[in-house]
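Following: one structure in structure tokens, then a few remarks.
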Number of protein chains: 2
Amino acid sequence: MKLGEGVEAAIHCAAMLAGVEGEATLSGAAMAEAFGLSPSYLLKHLNMLSAARILESVSGPAGGYRLARSAERITLLDIVLAVEGREPAFRCGEIRQRGPAKLDASAYVKPCGINAAMLKAERAYRTALAEAKLSDIVSDFMSDADPRSVAASCAFVARHQRPQKSSSTKQA
Amino acid sequence: MKLGEGVEAAIHCAAMLAGVEGEATLSGAAMAEAFGLSPSYLLKHLNMLSAARILESVSGPAGGYRLARSAERITLLDIVLAVEGREPAFRCGEIRQRGPAKLDASAYVKPCGINAAMLKAERAYRTALAEAKLSDIVSDFMSDADPRSVAASCAFVARHQRPQKSSSTKQA
DNA sequence: GCTTACCTACTCGGATAGAGCGTGTCCGAGTGTAGTGGG
DNA sequence: CCCACTACACTCGGACACGCTCTATCCGAGTAGGTAAGC
């Protein structure tokens with residue numbers, strides 16, 4: 001019962017990408033710098049999000065990542081499943097029928113009750129994750145977090161998103 | 001997001017131990033045989049359950065394991081936490097404040113919204129697991145499973161539990 | 001025949017190797033941009 | 001002065017080592033029971 005630490009990075013990046021405007025992108029290197037992570041390794045997780053159709057990637061100069069759809073339609077479950085894989089955490093190995101005195105296969109048509117209970121709990125987990133939309137994460141951050149932190153994040157996005165808005169003032 | 005397969009073995013063993021009567025015990029070797037597992041490795045997990053005060057172990061001949069309290073008071077959550085560890089699956093590394101432009105610590109007193117959402121989902125998971133009592137697992141198995149499977153399990157327990165009830169007929 | 005001491009066999013418990021997966025890093029393919037030469 | 005070509009710099013994408021956790025195993029410590037000898 002342990003999630004890879006790439007999940008945290010993926011969610012933070014997705015939340016940051018929710019702040020870019022329109023067709024603009026944010027490069028993986030910029031996000032890695034923002035969170036103090038290894039750029040090469042972050043790319044690995046961002047690539048998984050691209051493969052899951054959560055992010056879009058554009059190559060070349062002024063390239064980077066953007067959300068593939070609105071933050072309203074992206075849930076934490078989407079991100080977690082993309083990074084950690086879709087199979088359930090508890091996999092029933094059917095050890096009940098692996099003993100030396102196993103019965104006929106017809107005695108095991110009913111599903112294992114233990115498996116059912118574990119899967120039910122995991123369904124509750126996924127349901128809670130599916131109810132957490134990325135847009136909620138962002139709006140909660142905007143309203144609840146420290147104003148300095150919000151301002152810093154918005155400034156970072158505005159400075160690194162590309163193509164730069166021509167109207168905005170260029171900062172060093 | 002992956003649970004070790006020891007969890008499955010631990011739950012099955014606990015369910016089987018719920019079938020022994022009174023002070024009787026079941027040896028780890030017997031349970032390993034019942035499920036086709038390596039005895040030495042199963043001991044490792046059973047030992048964790050003992051350390052968590054879920055099982056009691058008695059040494060020596062006619063020794064083995066028994067439940068430390070009634071199956072009514074043991075939940076799947078107890079077993080999962082004992083085997084997999086008590087720390088949550090999602091550990092917030094606070095990467096939001098690890099970038100090069102981190103603000104004063106006072107800007108991060110509010111908890112991370114992403115961490116809160118993930119922990120909320122995990123609370124739902126644990127709640128569902130805490131509602132699944134071991135006694136429910138056993139009674140559901142007794143009523144729903146194939147009668148042959150139930151009979152085989154009961155026979156196995158009766159044959160291997162020790163000290164043997166003197167009144168029961170000895171089987172080869 | 002009863003008691004007692006010893007010995008054996010069986011159990012759990014912790015310490016010890018091996019495999020699989022997540023972590024971290026590197027280099028190559030692709031693309032848009034900027035500069036330069038020619039018309 | 002305008003256009004086309006070339007070279008470059010920057011991006012993502014996949015292939016390659018390393019470390020750690022989970023898996024699997026072995027051997028030692030401890031204990032209860034059975035056995036045999038002594039009273």
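Placing a label point 7 Å from Cα toward Cβ, how far apart in nm is B:Val58 from its equivalents in the other copies, listed shortest first to one decimal?
So the label point of B:Val58 gives 7.4 nm to the other copies.
Can you check what the net charge comes to around B:Gly6, using other residues whose Cβ is under 14 Å from the Cβ of B:Gly6 (Lys, Arg +1; Asp, Glu -1)?
That works out to +1.
Please list 3J(HN,Hα) in residue order for the range A:105-119, calculated via the Karplus relation 6.51 cos²θ - 1.76 cosθ + 1.60 where θ = phi - 60°; whole Hz, with x for glycine and proline.
Residue by residue, the range A:105-119 yields 4, 5, 7, 10, 5, 5, x, 5, x, 5, 4, 4, 5, 5, 5 Hz.
Could you work out how far helix B:6-17 tilts from the main Cα principal axis of chain B, as a 0 to 90 degree angle to the nearest 10?
40
Tell me the Rg and the Dmax, in Å, that the Cα atoms of the range B:55-104 produce.
Considering the range B:55-104 through its Cα atoms, Rg and Dmax are 20.9, 65 Å.
Cut-off 10 angstrom, C-alpha nodes, Gaussian network model of chain B. Which of B:Leu17, B:Leu134, B:Leu119 fluctuates the most?
Among B:Leu17, B:Leu134, B:Leu119, the largest GNM mean-square fluctuation belongs to B:Leu119.
If I build a Gaussian network model for chain A, linking alpha-carbon pairs within less than 10 angstrom, which residue out of A:Ile54, A:Ile79, A:Ile114 has the largest mean-square fluctuation?
Of A:Ile54, A:Ile79, A:Ile114, the most mobile in the Gaussian network model is A:Ile114.
Can you list the copy-to-copy distances for A:Leu103, using a point 7 angstrom from Cα toward Cβ, in nanometres, shortest first?
6.4
With a/c under 1.5 counting as rounded, go ahead and sort the range A:1-85 into rounded, prolate or oblate using the C-alpha gyration tensor (a ≥ b ≥ c being the square roots of the eigenvalues; past the cut-off, prolate if a/b is larger than b/c, else oblate).
It is oblate, given that a/c is not under 1.5 and a/b is not larger than b/c.
Put +1 on the Cβ of every Lys and Arg and -1 on every Asp and Glu Cβ in chain A; which of A:Ala101, A:Gly60, A:Ser135 then has its Cα farthest towards the positive end of the dipole?
A:Ala101
Among all lysine pairs in the range A:20-163 that are eight or more places apart or on different chains, how many have alpha carbons less than 24 angstrom apart?
Count of close lysine pairs: 4.
Mind checking the angle between helix B:134-144 and chain B's longest principal axis? C-alpha axes, 0 to 90 degrees, to the nearest 10.
For helix B:134-144, the angle is close to 60 degrees.
What percent does the relative contact order of chain A come to when contacts are Cα pairs within less than 8 Å and at least six residues apart?
Worked out over chain A, it gives 31 percent.
Take every residue in peptide A:87-100, count the Cβ atoms of other chains within 10 Å of its Cβ, and give the average of those counts.
So the per-residue partner count for this stretch is 6.
Cβ under 10 Å from A:Arg53's Cβ, A:Arg53 left aside: what net charge do those residues give with Lys, Arg +1 and Asp, Glu -1?
Net local charge, A:Arg53 excluded: -1.
Among B:His12, A:Ala29, A:Ala124, whose Cα sits farthest toward the positive end of the charge dipole of the protein assembly as shown (+1 at Cβ of Lys/Arg, -1 at Cβ of Asp/Glu, about the Cα centre)?
The residue sitting most towards the positive pole is A:Ala29.
Can you give the Rg and Dmax of the protein assembly as shown based on its C-alpha atoms, in angstrom?
Cα only, the protein assembly as shown: 25.9, 93 Å (Rg, Dmax).
So what does the Cα-only Debye profile of chain B read at q = 0.12, 0.18, 0.19 Å⁻¹, as log10 I(q)/I(0), no solvent term?
Here log10 of I(q) over I(0) equals -0.64, -1.16, -1.26.
Just add up the charged neighbours of A:Ile74: K/R +1, D/E -1, any other residue whose Cβ is under 13 Å from the Cβ of A:Ile74.
0
How shielded is B:124-134 by partner chains, expressed as the average number of their Cβ atoms within 10 Å of its Cβ atoms?
Taking all residues of B:124-134 together, the mean is 5.
Taking the Cα centre of the protein assembly as shown as the origin, how large is its charge dipole in debye, to the nearest 20, when only Lys and Arg (+1) and Asp and Glu (-1) carry charge on their Cβ atoms?
Rounded to the nearest 20 debye, it is 320 debye.
So for the pair A:Ser143, B:Asp144, with labels modelled 7 Å out along Cα→Cβ, what separation do we get in nm?
In this crude label model, A:Ser143 to B:Asp144 measures out at 4.1 nm.
When you look at the Cβ of every residue in A:151-162, what mean number of other chain Cβ atoms sits within 10 Å?
If you average over the peptide's residues, the count of other-chain Cβ atoms is 1.
Taken together, the values in this text are just the output of simple stated rules run on the coordinates, not laboratory data. From a predicted model like this one, the values you see are computed outputs, not experimental measurements. Glycine gets a Cβ as well: all are built from the backbone with ideal geometry, and neighbour counts include every protein chain shown.
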